[in-house]
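Read the structure below first, then the notes.
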Amino acid sequence: MNITKTLFFVFVLVIIKNEITVAQDNTVQHFIIKDDLKAFKASSLLKNQQQEYLFESVEKGAYSIVEYLISNGADVLGYNEGGSTPLIIAVSKSDEKMVELLLKSKADPNQKERKGLEGTPLMYSSINPNTDIANLLIDRGAEVNTIDVNKDPAINWAAYYGNIALMKLLIEHSADLSIQSKHGTSLDVGLRLWHADSVMDVFRPTEFSKKIDSKTKSLLYAIKSNDIKKVEVLLKKGANANAKDGLGTPLLQIAVESGSNEIVKCLLSHGANPNQMNRVGQVPLAFASRFKHLETTKLLLDAGADPNKTNMHYRLTSLMGAAVGGDVKIGRLLLDAGAKMNATDSVNQCTALHWAMFYGNIPFAIMLLHRGADYQKKVLGKTYTGYTLAKAYGYAELVREMEHLDAKDNPLIGSWKINQIHYIYKDTTVVVDTVSQGRLTVTPNRYHIIYNPWLNPRVPFKVLSKPTDTEIKHAFQTLVFNTGTYSLNDTLFTTTSDIAKVPGFEGGMQYYSIEVDGDKLQLIMKDETYPNGEKPEWYQKLQILFKLNRE
């Protein structure tokens with residue numbers, strides 16, 4: 001049988017099979033959404049689909065179907081493709097009824113997810129301000145001090161989200177506050193995430209808090225009560241304006257956070273150091289910026305606050321604090337005062353631009369872009385650039401802004417017609433100067449190249465719908481194409497394919513030197529690396545010169 005006919009019949013059979021499967025899935029999904037157990041049981045459910053439907057039923061809150069599936073062999077301890085368990089999904093959905101059902105069905109309250117952070121159900125309960133689910137998990141034996149892949153226990157997760165109720169609950173159940181991850185202790189995590197002092201109050205009755213003298217205690221109380229007269233009296237009687245509370249937070253920072261400019265002025269006039277740091281290296285200016293106190297920010301700068309002051313352990317700058325708060329005016333004020341645009345924190349190597357994205361402050365991020373923020377730097381374990389992070393979050397306006405900047409700065413952006421190909425060997429050069437098909441297209445973050453590598457033009461099929469095997473082979477040989485991502489560094493254009501003509505080259509890299517002269521472009525492919533790290537046979541024997549014109 002002709003190979004084309006064979007492929008056609010296989011293709012049709014696959015389509016028919018897929019359409020039947022999709023139709024069945026749509027029907028079953030409808031039953032799951034409605035939690036219609038009777039209709040679900042009557043559907044033609046295959047044994048190997050039970051696990052898939054268990055996860056979907058947990059997700060949709062189909063309690064009776066979940067119970068039925070588990071009783072018929074679905075594994076309550078199984079994992080989905082993302083490495084999650086039914087219990088973790090239920091906890092993440094804040095579905096207390098489902099959590100209870102799964103625990104009664106022998107779900108393990110300590111079973112970690114298999115991928116990602118390797119979190120436990122108790123860790124994932126931290127996203128819910130209601131602690132009923134956390135209480136349920138603890139009552140069923142959830143370990144409070146289990147750690148994830150970063151060595152963070154559940155209380156660090158709770159501190160990350162600023163979940164005061166859960167933090168208190170975990171402390172009541174003997175959370176080990178000495179556990180330290182790459183993010184620090186739970187107190188460090190709470191401060192690093194720029195939470196309000198009300199979150200830090202949770203730690204004041206704990207081992208974290210050091211004893212402070214009576215004058216400092218009285219001054220702290222007066223500041224937190226916003227009692228300017230009491231503050232003035234205490235300072236005149238010898239209270240220390242540079243004192244810190246039991247957690248190591250400068251009293252000036254606590255005053256700054258509340259936005260009480262009169263108290264801030266009073267402390268500064270009595271010698272408070274505007275560059276004093278808390279235990280994670282944040283200065284009062286950082287908190288004025290984070291909590292969007294513009295006038296307080298001006299006050300501190302006028303008093304000598306350094307916009308770049310931080311420690312080397314966490315490197316959390318005032319501009320990062322402003323990015324978290326999102327006040328564009330404060331951001332501009334700090335930059336005008338000399339704040340370093342692209343300073344990075346130590347944990348994730350993120351700049352103020354990335355912090356703005358984490359908190360959804362897009363106008364602030366755009367302001368940073370216009371002031372020259374680096375959005376190509378790789379962060380978060382070198383997995384994201386500013387551009388790919390913006391795309392992952394779905395920040396369309398920010399993506400467009402970055403693409404607009406790329407178009408101005410990147411000379412390759414656009415469509416280029418290939419006019420000539422030179423195959424340069426050590427002893428000779430072969431020129432293809434009648435290229436009938438060939439194009440390079442470059443967008444801000446992707447490239448596409450396609451061309452005919454042969455001296456002769458491609459030959460049309462005699463019958464377009466019924467090519468012969470010879471014609472199919474010739475067509476394959478007379479076309480090269482790759483598409484994927486790239487990096488551009490001065491005169492080096494490095495591509496990484498994700499779709500390739502040659503199966504298996506996905507992830508392979510090619511290296512081109514470039515020379516742009518107006519609407520003319522020369523590319524020389526000098527090297528290639530296969531996905532397994534090996535080099536091609538032609539390595540160091542051949543270079544390929546492409547001459548192109550902008551279309």
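Could you name every one of the helices (runs of 4 or more DSSP H) located completely within the stretch 246-313 that has at least 1 residues being farther than 20 Å from Gly326 by Cα and without any contact (Cβ under 8 Å) to a residue 40 or more places away in the chain?
It comes to 251-258, 261-269, 294-302.
For the subset of the stretch 40-50 comprising residues that are surrounded by fewer than 15 Cβ atoms within 10 Å (Cβ to Cβ) and in a helix (DSSP H, G or I), which member is modelled with the lowest pLDDT?
Restricting to residues being surrounded by fewer than 15 Cβ atoms within 10 Å (Cβ to Cβ) and in a helix (DSSP H, G or I), the top hit is Lys47.
Residues that are in contact with a Phe, Trp or Tyr (Cβ under 9 Å, 6 or more places away or on another chain), at positive phi and buried (at least 17 other Cβ atoms within 10 Å of the Cβ): which helices (runs of 4 or more DSSP H) entirely in the stretch 51-113 hold 3 or more of them?
Of the helices (runs of 4 or more DSSP H) lying wholly inside the stretch 51-113, none has at least 3 residues that are in contact with a Phe, Trp or Tyr (Cβ under 9 Å, 6 or more places away or on another chain), at positive phi and buried (at least 17 other Cβ atoms within 10 Å of the Cβ).
Acidic (Asp, Glu), surrounded by fewer than 20 Cβ atoms within 10 Å (Cβ to Cβ) and either free of Cβ contacts under 8 Å to residues at least 60 places away in the same chain or assigned to a loop (DSSP other than H, G, I, E, B) (or both): is that true of Glu143 in this structure?
Judged against the criteria, Glu143 is a match.
Does Gly533 satisfy the criteria of being at positive phi, part of a loop (DSSP other than H, G, I, E, B), surrounded by 14 or more Cβ atoms within 10 Å (Cβ to Cβ) and not acidic (Asp, Glu)? It would help to see each step written out before you state the result.
On the way: at positive phi: yes; part of a loop (DSSP other than H, G, I, E, B): yes; surrounded by 14 or more Cβ atoms within 10 Å (Cβ to Cβ): no; not acidic (Asp, Glu): yes.
The answer is no for Gly533.
Just checking, which of Glu515, Glu551, Glu528, Glu506 is more than 19 Å from Gly414 (Cβ to Cβ), of a type in the set (Asp, Glu), touching a strand residue (DSSP E or B) at 6+ places or on another chain (Cβ under 8 Å) and in contact (Cβ under 8 Å) with a residue 24 or more places away in the chain?
Working: Glu515 fails: more than 19 Å from Gly414 (Cβ to Cβ); Glu551 fails: more than 19 Å from Gly414 (Cβ to Cβ); Glu528 fails: in contact (Cβ under 8 Å) with a residue 24 or more places away in the chain.
Among Glu515, Glu551, Glu528, Glu506, only Glu506 is more than 19 Å from Gly414 (Cβ to Cβ), of a type in the set (Asp, Glu), touching a strand residue (DSSP E or B) at 6+ places or on another chain (Cβ under 8 Å) and in contact (Cβ under 8 Å) with a residue 24 or more places away in the chain.
Restricting the search to the stretch 15-39, which residues are modelled with pLDDT of 90 or more, assigned to a helix (DSSP H, G or I) and buried (at least 16 other Cβ atoms within 10 Å of the Cβ)?
Of everything in the stretch 15-39, those that are modelled with pLDDT of 90 or more, assigned to a helix (DSSP H, G or I) and buried (at least 16 other Cβ atoms within 10 Å of the Cβ) turn out to be Phe31, Ile32, Leu37.
Taking the stretch 434-489 on its own, how many of its residues are of a type in the set (A, V, I, L, M, F, W, C), in contact (Cβ under 8 Å) with a residue 12 or more places away in the chain and assigned to a loop (DSSP other than H, G, I, E, B)?
The total comes to 6.
When you go through Ser43, Ser105, Ser64 one by one, which is the residue that is over 31 Å from the mean Cα position of the chain (by Cα) and under 17 Å from Gly141 (Cβ atoms)? Show your work before the answer.
Numbers: Ser43 fails: under 17 Å from Gly141 (Cβ atoms); Ser64 fails: under 17 Å from Gly141 (Cβ atoms).
One residue alone meets the criteria, Ser105.
For residues that are buried (at least 17 other Cβ atoms within 10 Å of the Cβ) and of a type in the set (Ser, Thr, Tyr), scanning just the stretch 484-526, find the one that is nearest to Tyr384 (Cα to Cα).
Taking the candidates together, the pick is Tyr486.
Within the stretch 161-174, which residues are farther than 28 Å from Phe358 by Cα and in a loop (DSSP other than H, G, I, E, B)?
Residues satisfying the conditions are His173, Ser174.
Kindly provide the set of residues from the stretch 348-375 that are in a loop (DSSP other than H, G, I, E, B) and either hydroxyl-bearing (Ser, Thr, Tyr) or surrounded by fewer than 18 Cβ atoms within 10 Å (Cβ to Cβ) (or both), ordered by number. Break it down stepwise before answering.
So in the stretch 348-375, the residues in a loop (DSSP other than H, G, I, E, B) come out as 348-351, 359-361, 371-375.
Matches in the stretch 348-375: Asn348, Gln349, Thr351, Tyr359, Gly360, Arg371, Gly372, Asp374, Tyr375.
Go through (1) at pLDDT 95 or above; (2) in contact with a Ser or Thr (Cβ under 8 Å, 6 or more places away or on another chain); (3) not in a helix (DSSP H, G or I); (4) not β-branched (Val, Ile, Thr) and name the single condition Asn130 misses.
It is condition (1) that Asn130 fails.
Being in contact with a strand residue (DSSP E or B) (Cβ under 9 Å, 6 or more places away or on another chain) and closer than 15 Å to Ala356 by Cβ: is that true of Leu389 here?
Yes; evaluated as a whole, the condition is true for this residue.
In this structure, is Ile155 within 24 Å of Phe358 (Cα to Cα) and at pLDDT 95 or above?
Taking the combined requirement at face value, the residue satisfies it.
Using the structure shown, decide if Asn549 is at pLDDT 90 or above, exposed (fewer than 15 other Cβ atoms within 10 Å of the Cβ) and part of a loop (DSSP other than H, G, I, E, B). Steps first, please.
Numbers: at pLDDT 90 or above: yes; exposed (fewer than 15 other Cβ atoms within 10 Å of the Cβ): yes; part of a loop (DSSP other than H, G, I, E, B): no.
Answer is no for this residue.
In the stretch 366-423, what count of residues is obtained for those that are of a type in the set (Phe, Trp, Tyr), within 21 Å of the chain's Cα centre (by Cα) and under 27 Å from Thr491 (Cβ atoms)?
3
Give the number of residues within the stretch 376-397 that are under 26 Å from Tyr160 (Cα atoms) and assigned to a helix (DSSP H, G or I).
Total meeting the criteria: 8.
Filter the stretch 422-457 down to residues that are polar (S, T, N, Q), farther than 15 Å from Lys501 by Cβ and surrounded by 15 or more Cβ atoms within 10 Å (Cβ to Cβ) and give me whichever is modelled with the highest pLDDT.
Start the filter on the stretch 422-457 by keeping residues that are polar (S, T, N, Q), which leaves 428-429, 434, 436-437, 441, 443, 445, 452, 456.
The next check asks that each one be farther than 15 Å from Lys501 by Cβ; those that pass are 428-429, 434, 436, 441, 443, 445, 456.
From what is left, the residues that are surrounded by 15 or more Cβ atoms within 10 Å (Cβ to Cβ) are 441, 443, 445.
Details: Thr441: 96, Thr443: 89, Asn445: 78.
Among those residues, the one meeting the criterion is Thr441.
The values are calculated or read from the model by the stated rules, or taken from the named source; none is laboratory data. Model, not experiment: these values are computed from the prediction. Backbone-built Cβ (ideal geometry, glycine too); neighbour counts: all protein chains shown.
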